[in-house]
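S.K.: I'd like to ask some things about the structure below.
The values are calculated or read from the model by the stated rules, or taken from the named source; none is laboratory data. These numbers were taken from a predicted model, which means no experiment stands behind them. No Cβ is skipped: glycine too gets one built from the backbone with ideal geometry, and neighbour counts run over all protein chains shown.
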Amino acid sequence: MHPTLIPQLSRILGADTVEPLGLTPGADPTPDQLRALERLIDRRIEQFAIALFEEAAASDDVIDRPSAMVYLDDRLDFLADVLTPGQRDAIRESFGRLVDRWA
């Protein structure tokens with residue numbers, strides 16, 4: 001697992017919710033930690049999408065819907081170790097609604 005993945009998840013989901021899972025930057029999570037993280041992400045899909053949308057909106061490379069979706073796909077690829085396919089789809093859908101309101 002990439003060493004910055006856990007700090008990024010803490011920023012996206014809130015350190016107060018990620019830190020209790022005992023995840024260590026750079027270390028592979030245990031199966032129990034992955035299940036707990038999956039449940040946490042499931043409960044906070046909208047928050048996850050909003051955080052990624054805010055990142056995209058702040059990026060100089062994002063200028064329209066297509067570039068926002070490319071940005072999102074890059075981020076989802078980076079986060080692939082901890083996101084289920086269903087979570088990726090739900091985040092993509094929520095993110096798309098945010099972009100449609102923004103553009």
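S.K.: For region 1-8, does any single residue satisfy the condition of being in a helix (DSSP H, G or I) and modelled with pLDDT of 95 or more?
M.R.: Among the residues of region 1-8, not one is in a helix (DSSP H, G or I) and modelled with pLDDT of 95 or more, which makes the answer no.
S.K.: Go through region 18-46 and give me each residue that's modelled with pLDDT of 90 or more and of a type in the set (Ser, Thr, Tyr).
M.R.: 30
S.K.: May I pose another question? Could you give me the residue pairs with C-beta distances under 9 Å whose first residue belongs to region 67-91 and is under 14 Å from residue 8 (Cα atoms), whose second residue is part of a helix (DSSP H, G or I) and among the charged types (D, E, K, R) wherever it lies, and which are 6+ apart or on separate chains?
M.R.: Pairs found: 75/55; 76/88; 76/92; 79/88; 80/88; 82/38; 83/38.
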